[in-house]
């Protein structure tokens, strides 16, 4: 029986599977560029041939609109894999290092080498993108991979797992389905790299498990990503771009704007425009709109209902979940209590708090008084104001005058800082994340200077002092 045919929920098979995958890596199977390119080509075929089936599975799991599912999970991922495929041969080449005069004669280079066997644990909100993209980066770097998709989207998880088994090298890749017990069993194994996307709370559990073996990690977490609307912002454009970024995927996006800080003189204008845009996007009855994604399950519905129960603000639209469809209409809450659960916890749903501030200084102080966010958005027609926010705040990434789009360019590494995570990927950053950049120095055997050898005479000490 090949490793990919073992029962996905058999916890006893995990250790044996990891051992088999490690043997495949240690054999050198995954190192040649041809093997890496074949795996990336296989992922592209999977997305091309089965993209429609995967979109349908996401719709069954949580009502994800076809356009959103295709653009964010299929097309976005295919573009990333194509970029890796195009550049992997160049990225894996040794890079010449310049030596100092004191280091001569000799030659130096940096050799990108695969770390080994990587574990990829993905979330449910973008179930294809957030599993396939890190797998592709790991393959591009020459690693073997074991993957764990999210159990909260069972239709997508089952289909994607089957497709990955069918398309990828069964000796150097394995995938396990299941719940937290499977993740726990996987984290008990020794890995050469762990890539995790999910909540900060679970990220801490992953980090503790990785620390047992000093395993390097990329932790793509979340947090409360603020949007700052400066006095000179174009409110019409701001409202459209903010509503799109917030309510995409039913607000279940780790980099969605989590709350808005707006100049008090523009607050009412922004709120009124947001309400108009929500009706423009989703109609007079958003819960009936086919373009609004469902909340993924009942537990998350209850969590959001808890956040809506006692926030101390004013609900200007939305505010209640349709239990029969698990849909929460886009909800705007004005001036909630900054100490409420709504403003302490990541919302991860279509609820947008809007808070008034007196000036840009107050907005910056508010952001800096909280854990560093995964993303920060600033809307302003004044480049100096935007630059001030960028320079005086810290976040995983920044997007000025739009939302979400800072993760799309291949040359902009994506990742978090502080509570929002650690490590980066996308494009070459993903290749680098799964690689050991090994320095290699080669020295000739002649000349063999005795200057550095004992005994250490005064003359040698003087010469060394001058050289160094």
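Compute the relative contact order of the chain as a whole-number percentage, counting only Cα pairs closer than 8 Å that sit 6 or more residues apart in sequence. Reported relative contact order: 18 percent. Of all DSSP-defined beta bridges confined to region 226-415, some 15% are antiparallel rather than parallel. Computed log10 I(q)/I(0) for region 226-415 at 0.08, 0.09, 0.11 Å⁻¹: -0.23, -0.29, -0.44, from the Debye equation with unit scatterers placed on every C-alpha and solvent omitted.
Classified by the C-alpha gyration tensor, region 347-422 has a rounded form. Its axis ratio a/c, with a ≥ b ≥ c, is below 1.5. Here the gap between residue 358 and residue 67, fully extended at 0.36 nm per residue and compared with their Cα-Cα distance, gives a gain of 100.8 nm. Dividing the convex hull volume of the alpha-carbon atoms in region 210-325 by its residue count gives 159 Å³ per residue. Angle of helix 129-140 to the longest C-alpha principal axis of the chain, folded into 0 to 90 degrees and rounded to 10: 10°. When the alpha-carbon atoms of region 143-185 are used, the pair Rg, Dmax equals 10.4, 28 angstrom. Normalised size of region 359-403, defined as Cα radius of gyration per 2.2 N^0.38 Å with N residues, equals 1.05. Can you work out the FRET efficiency for the pair residue 438 and residue 60, with r the C-beta to C-beta distance and R0 = 45 Å, to the nearest 0.05? Computed FRET efficiency for residue 438 and residue 60: 0.50. Between rounded, prolate and oblate, where does region 17-153 land on the alpha carbon gyration tensor, with a ≥ b ≥ c its root eigenvalues, rounded for a/c under 1.5, else prolate if a/b exceeds b/c? Here region 17-153 falls in the prolate category. A Förster radius of 51 Å, combined with the Cβ-Cβ distance separating residue 27 from residue 383, puts the computed FRET efficiency at roughly 0.40.
Note on the chain: antiparallel DSSP beta bridges, both residues inside, total approximately 35 percent of the bridges counted. The helix-only estimate of mean residue ellipticity at 222 nm for the chain, built from DSSP H runs of length n ≥ 4 each weighted as -39500 (n - 2.57), is -12500 deg cm²/dmol after division by the residue total.
The alpha carbons of region 250-289 stretch over 34, 26, 10 Å along the principal axes, in descending order.
Based on the mean of other Cβ atoms within 10 Å per residue, sort peptides 43-50, 113-120, 461-468, 156-163 so the most packed one is first.
Put in order of decreasing packing, that is 113-120, 156-163, 43-50, 461-468.
Residue 109 to residue 368: FRET efficiency via 1/(1 + (r/R0)^6), r the Cβ-Cβ distance, R0 45 Å, to the nearest 0.05? The pair residue 109/residue 368 has a calculated efficiency of 0.60.
Assuming a ≥ b ≥ c are the square roots of the Cα gyration tensor eigenvalues, decide whether region 324-468 counts as rounded (a/c under 1.5), prolate (otherwise, with a/b larger than b/c) or oblate.
Numbers: a/c = 3.41, a/b = 2.53, b/c = 1.35.
Cα axes put region 324-468 in the prolate bin.
Across all directions, the average flat footprint of the convex hull enclosing the Cα atoms of region 120-213 is 5.7 nm².
Any read-out appearing in this document is the output of simple, stated calculations on the displayed coordinates, not a laboratory observation. Quick caveat: nothing in here was measured; it's all calculated off a predicted structure. Reconstructed Cβ throughout: ideal geometry from the backbone, glycine too, with neighbour counts over all protein chains shown.
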